[in-house]
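Accompanying notes for the structure given below.
The values are calculated or read from the model by the stated rules, or taken from the named source; none is laboratory data. In this text, all values refer to a predicted model and were calculated from it rather than measured experimentally. FYI the Cβ positions are ideal-geometry reconstructions off the backbone, even for glycines, and counts take in every protein chain you see. With ligands, DNA and RNA removed, areas are computed over all heavy atoms of the protein, side chains included. Shrake-Rupley method; radii C 1.70, N 1.55, O 1.52, S 1.80 Å.
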Amino acid sequence: MPTRRFDDVHEGDELGPEDWFLAKDRVRDYARANDIAFPRFLDDEGARAEGLPGMIAPGNMSMGLLVRLVEAWGGIGCVRRLGTTFRGVVLPDRTLRLCGAVTHTDAAARTAELDVWIESDEGERLVIGTATVALA
Amino acid sequence: MALEFDRSILGQEFDRVEREPVTVDEIVAFAHALGCTEPCYLEPGSGLVAHPTFVVRYRGRRFLPDSLPDPLKTRMSFDAGKDIDFGVPIRPGDRISVGAALHDVYEKTGRTGTMTFVVVRFVIRNQRGETVATIDNRLLYKD
C-alpha cells in the first residue's frame with residue numbers, strides 16, 4: 001500500500017541515491033531464485049566461455065533493485081509500471097548507485113512519474129527507466 | 001534493407017503454459033536475493049506476497065515464435081529492456097499462467113548502424129484470471 005502522500009511529492013524530488021555493493025554471491029542467489037542459473041550469472045569462467053569479459057548480473061535483477069528503491073520511497077505496492085532500458089553490463093563485486101527523481105505528478109490520478117537509473121561506480125548510467133507510482 | 005515480414009503475425013499468441021503453484025520458499029528466496037527486509041516479502045504467513053519483480057521468473061516453453069521473420073532466426077539477440085505493468089500481487093499457492101505473443105518488430109538506425117527490435121509480450125495471470133503483470137520484453141538484434 002502506498003504510504004507517501006501525494007501532497008508531499010513535487011517535481012524534482014529525488015529518490016536515494018542508495019549505494020549498494022553487488023556481491024557475486026548475491027547475483028548467484030538471484031539467478032537461482034529467478035530460475036536463470038546460466039553460466040554468465042554464476043562465475044567468471046562460465047561467462048568468458050560465453051564471450052563475456054566476466055560474470056554479469058541479470059537485467060531483471062536491476063529491475064528488482066530499482067523497485068526496491070522506489071518502494072523504500074513510496075511504500076510497498078506503490079509501483080504501477082516500470083520500464084527499463086539495459087544500456088550497459090552490470091558487473092558484480094562493485095558498488096552500484098540506485099537513483100531516481102520525480103518528473104511529473106498527476107493530481108487527478110494521485111500518481112507520480114519517476115526517472116530511475118543505476119549508475120556504476122564510475123558514474124556511467126548502466127540501466128535507465130521510468131516508473132509510475134501510486135501515492136496516498 | 002528494411003526488414004519485411006507479414007505483420008499479421010503480430011499479436012498472435014504462440015505459447016501458453018501453466019506453472020506449478022507458487023511456493024513460500026520461492027517467494028522468500030527471491031526477496032532475500034534482492035536484499036529485501038520487509039516482512040511482507042520474507043515472513044511466511046497470510047501476509048506474504050511476492051516482490052513485484054518476481055513476475056519476471058515467468059516465461060513460456062518457447063521464447064520466440066516460429067513465425068519470427070527469417071533474417072532474425074539465426075542472429076544473436078540481446079535483452080534491451082522490459083516494460084512491466086503490474087497487476088495483483090502473487091501469493092503462495094497461486095497457479096500462474098503465461099501467454100506469449102509477438103507484440104512488435106521495428107527498426108532503428110543510429111550511429112552504429114541499423115538495429116532491429118523484437119518485442120515479445122507476456123501476459124501473466126493467476127488462477128482467478130486476474131492479471132498479475134504484462135511484460136513487454138525488447139530484444140535487440142544488431143546488423
Look through segment A:14-29, keep the residues that are facing another protein chain (nearest Cβ under 8 Å) and farther than 12 Å from A:Ile56 by Cα, and return whichever of them is most open to solvent (accessible area, probe 1.4 Å). A:Asp29
Quick check on my filter: what residues within segment A:83-110 are small (Gly, Ala, Ser) and in contact with a Leu (Cβ under 6 Å, 6 or more places away or on another chain)? A:Gly88, A:Gly100
Condition first: open to solvent by 20 Å² or more (accessible area, probe 1.4 Å) and either assigned to a loop (DSSP other than H, G, I, E, B) or more than 10 Å from chain B (Cβ to nearest Cβ) (or both). Now tell me which residues in segment A:57-74 satisfy that. A:Trp73
So B:Asn126 passes all but one of these: (1) at pLDDT 95 or above; (2) open to solvent by 70 Å² or more (accessible area, probe 1.4 Å); (3) not hydrophobic (A, V, I, L, M, F, W, C). Which condition number does it fail? (2)
Does B:Thr116 satisfy the condition of being modelled with pLDDT under 95 and open to solvent by less than 20 Å² (accessible area, probe 1.4 Å)? yes
Taking the conditions exactly as written (modelled with pLDDT under 95 and open to solvent by 10 Å² or more (accessible area, probe 1.4 Å)), does A:Gly77 satisfy them or not? no
Of the residues in segment A:104-124, how many are assigned to a strand (DSSP E or B) and either under 15 Å from A:Gly16 (Cα atoms) or at pLDDT below 95 (or both)? 6
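Among the residues of segment B:54-76, which ones are open to solvent by less than 60 Å² (accessible area, probe 1.4 Å), of a type outside the set (A, V, I, L, M) and within 18 Å of the chain's Cα centre (by Cα)?
B:Phe54, B:Arg57, B:Tyr58, B:Gly60, B:Pro65
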Listed by range, helices (runs of 4 or more DSSP H) wholly within segment B:1-108 having at least 1 residues that are modelled with pLDDT under 95 are B:70-73
Do we find that B:Asp79 is within 12 Å of chain A (Cβ to nearest Cβ), in contact with a strand residue (DSSP E or B) (Cβ under 8 Å, 6 or more places away or on another chain) and surrounded by 13 or more Cβ atoms within 10 Å (Cβ to Cβ) in this structure? yes
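Residue-wise test of (1) surrounded by fewer than 17 Cβ atoms within 10 Å (Cβ to Cβ); (2) within 12 Å of another protein chain (Cβ to nearest Cβ); (3) of a type outside the set (A, V, I, L, M); (4) over 19 Å from B:Ile96 (Cβ atoms).
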position	(1), (2), (3), (4)
B:Ser8	yes, no, yes, yes
B:Arg16	yes, no, yes, no
B:Glu20	yes, yes, yes, no
B:Thr23	yes, yes, yes, no
B:Ile27	no, yes, no, no
B:Ala31	no, yes, no, no
B:Cys36	no, yes, yes, yes
B:Tyr41	no, yes, yes, no
B:Gly45	yes, no, yes, yes
